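The values are calculated or read from the model by the stated rules, or taken from the named source; none is laboratory data. Computed from a predicted structure; not experimentally measured. Here the Cβ positions follow ideal geometry from the backbone for every residue, glycine too, while neighbour counts run over all protein chains shown. These accessible areas exclude ligands, DNA and RNA; they are computed on the full protein's heavy atoms, side chains included. Shrake-Rupley method; radii C 1.70, N 1.55, O 1.52, S 1.80 Å.
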Amino acid sequence: MFTSEHIESQLDKILLQVQKPGRYVGGELNIVVKDWDQVQTKVALVFPDIYDIGVSNVGLKILYDEINQREDALAERAYAPWTDMDALMREHGIPLYSLESKRPLSGFDLIGFSLPYETLYTNTLNILDLSGIPVRSADRGESHPIIIAGGHAATNPEPMHAFIDAFVIGEGEEVIHEILDVVQRRKTQNTSREETLLALAKIRGVYVPKYYHVEYMDDGTVANVTTLREEVANPVIKRIVAQLPLPPIKFIVPNIEVVHNRVSVEIMRGCTRGCRFCQAGMITRPVRERSVDEIVDAAEAAINATGFEELALLSLSSSDFTYVVELVNKVSKRFKGRKLTISLPSLRIESVSVDLMDKLREHYSGGFTLAPEAATERMRRIINKFIPDEDIINTTREIYRRGWTTIKLYFMIGHPSETLEDVQAIADLCKRVIHEAAKWRA
Ligand code: SF4
């Protein structure tokens, strides 16, 4: 087994040869480093994308806090190395390691992959390989960590069933503690890997593929699922937390420039709009909201704990947050005069949204993003996101009238049954928006 000293001495030889060595050294503000020998259960939380993208992921941060609040467990982090680092690590025989203690992932009891999107599947396999852990679940033995995965792209776990020991279906804040309790027993009572996996499979919301037989249709979709052990649930029911736990405050402050250098506070979870193309809208239901005071207090505490100059108030559909006007008023009052950029994404296309952004104007210098997604009435009805052209034009007019100059429009092409007319309509609508801009510039 590699020691942290060995890994650190090897890193000294290669770090100056890679782009952004800061991705691989840890030591950031607000990390938690516990005494390895004093803590029973060790968890590596892995975001299988590069550090620049993963370090600001809120889901991983929530689990990092949940686990590190326990005295009997520790959580450390790892990210996918960029290709230059991957090649050098393989050349020098360095396995993937955690940033906190520089210990190899294979030395942890539990490895938890966060899978927010499907394109991370292949990185997950590469990380297992780089860690010296058998890629296939069936090839792992008593000495290997238990590999779990969760996140939106684990909601349909079947594409990764051969590689992950246990999937968490749904939200992780509560179930992670039940999983830790089972993994603890593996250490305290010396339970076998098989006993541990079976105990995990009995937890509500946990899917352990080895206890299920899945039949597929010719097109690759699932035809039928049967259980191989009567003790395990079928179907596996998604975990939902009844009440959102307090938002994280001690965000990790990276030492290098990353994609999101900011505090993010989730204001609500879930969306009821039901746009047909939208996975997040379907799988994060039901809607749960935080109180305005909880959001504003958490934002202030997090800004004070990090020094970040940007605050993102996150949700899938901010306009649907019941207290959005009160929130914007309170946020603009609380942070008045502070050098802080505030973003409130995912607003509906309506002039009320422009009013809201106007109230945050002191803290917001960017442009507007609107997401009509489709430009013909036919296609809008198909995707169940109906916003008439006139509403879009009226909103853009309002934005330009108030002095903003940049509008970003999101459209999707490639919907089932789409015709060239539907695509042409996107260009035509964009031209109308540009025409509005020209009027207000004149
Ligand atoms: S409003 Fe946004 S989050 Fe909600 S279902 Fe539609 S696209 Fe998804």
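Quick notes
- Taking all protein chains together, Met282, Met357 sort by accessible area into Met282, Met357, largest first [probe 1.4 Å].
- Its Cα gyration tensor gives the stretch 111-259 an equivalent ellipsoid, and the semi-axes of that ellipsoid, as √(5λ) in whole Å with the largest first, are 24, 20, 19.
- Averaged over residues, the count of other Cβ atoms within 10 Å places the peptides 56-69, 290-303 in the sequence 56-69, 290-303, highest first.
- Report summary: the helix-based calculation at 222 nm, which adds -39500 (n - 2.57) for every DSSP H run with n ≥ 4 and divides by the residues of the chain, gives -10000 deg cm²/dmol.
- Using a probe radius of 1.4 angstrom, the carbon and sulfur fraction of the accessible surface of the stretch 170-216 is 47%.
- Debye intensity ratio I(q)/I(0), log10, the chain, q values 0.09, 0.11 Å⁻¹ (C-alpha model): -0.68, -0.98
- In the stretch 4-227, Rg over Rh equals 0.96, where Rg is the alpha-carbon radius of gyration and Rh the Kirkwood radius from pairwise Cα distances.
- Note on the stretch 1-53: Cα-Cα pairs beyond 16 Å make up 60% of the total pair count.
- No disulfide-compatible partner, judged by a Cβ distance under 4.7 Å, exists for the following cysteines of the chain: Cys271, Cys430.
- For the chain, the share of DSSP beta bridges that are antiparallel, to the nearest 5, is 25%.
- Cross-link pairs Lys42/Lys187; Lys250/Lys359; Lys385/Lys439; Lys42/Lys102; Lys13/Lys250 - those with Cα-Cα distance over 21 Å: Lys250/Lys359; Lys385/Lys439; Lys13/Lys250
- Whether the stretch 263-441 is rounded, prolate or oblate, judged on the alpha carbon gyration tensor where a/c under 1.5 counts as rounded: oblate
- Accessible area of the stretch 265-324 belonging to carbon and sulfur atoms, whole % at 1.4 Å probe: 49
- The residues of the chain expose, per residue, 46 Å² of accessible area to a 1.4 Å probe.
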